[in-house]
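*Asks:* Structure incoming, see below.
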């Protein structure tokens with residue numbers, strides 16, 4: 001895939017798989033390491049180091065929340081500055097609002113909280129945000145339960161940029 005893409009993403013459940021991380025790093029492409037829901041922010045240091053050990057400085061980490069066994073993801077914003085010590089840090093807003101294993105084993109979500117989580121991420125100084133959006137989330141092929149409706153995207157981005165500009169003044 002490295003021949004056709006700019007960024008190789010290592011999924012959260014695979015971020016501790018050394019062979020996969022090293023193979024991605026050895027392509028020389030940007031490697032995005034998604035923090036596993038089961039991992040602490042501090043443990044991402046080891047995944048980042050695997051990329052750096054391959055002489056690839058193009059690495060970033062993405063927080064997508066932590067699962068404590070209650071069918072809900074929680075973002076601990078204390079982890080953002082921790083992971084920024086290791087690499088550029090992105091907040092995956094929509095995936096952090098997933099609610100796995102809901103009724104009938106289907107993943108649910110809290111799209112009503114997208115703006116809240118995004119604003120908090122910007123306020124703590126995250127380097128970037130990731131938001132899945134769709135013109136009809138109820139009919140999206142994947143992750144529709146936690147997507148932002150496309151109609152709301154521009155307004156949200158306007159508000160987030162205003163927050164970032166305000167914070168950058170200090």
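Bear in mind that the values in this text are calculations on the coordinates, not laboratory data. No experiment lies behind these values; they were computed from the predicted model shown. Here the Cβ is made from the backbone with ideal geometry for all residues, glycine too, and neighbour counts use every protein chain on show.
*Asks:* Can you tell me the orientation of helix 114-123 relative to the chain, as the angle in degrees between its alpha-carbon axis and the longest Cα principal axis, to the nearest 10?
*Replies:* Orientation of helix 114-123: about 50 degrees from the principal axis.
*Asks:* Using helices alone, I'd like the mean residue ellipticity at 222 nm for the chain: each DSSP H run of four-plus residues gives -39500 (n - 2.57), total over residue count, nearest 500. Mind dumping the intermediate values first?
*Replies:* Numbers: 5 runs with 49 residues, N = 170.
Helix contribution divided over all residues of the chain: -8500 deg cm²/dmol.
*Asks:* Can I ask one more? Within the P(r) computed for the chain, what percentage of the Cα pairs occupies the region above 23 Å? List each step's numbers first, then the result.
*Replies:* Numbers: 6119 of 14365 pairs.
It works out to 43 percent of all Cα pairs.
*Asks:* Also: Which residues in region 109-123 have a backbone N closer than 20 Å to a point placed 7 Å from the Cα of residue 154 along the Cα-to-Cβ line?
*Replies:* 115
*Asks:* Where both partners of a DSSP beta bridge lie in region 7-168, what percent of those bridges are antiparallel, to the nearest 5? Mind showing how you got there, number by number?
*Replies:* On the way: 4 of 21 bridges.
Around 20 percent of the beta bridges assigned by DSSP in region 7-168 are antiparallel ones.
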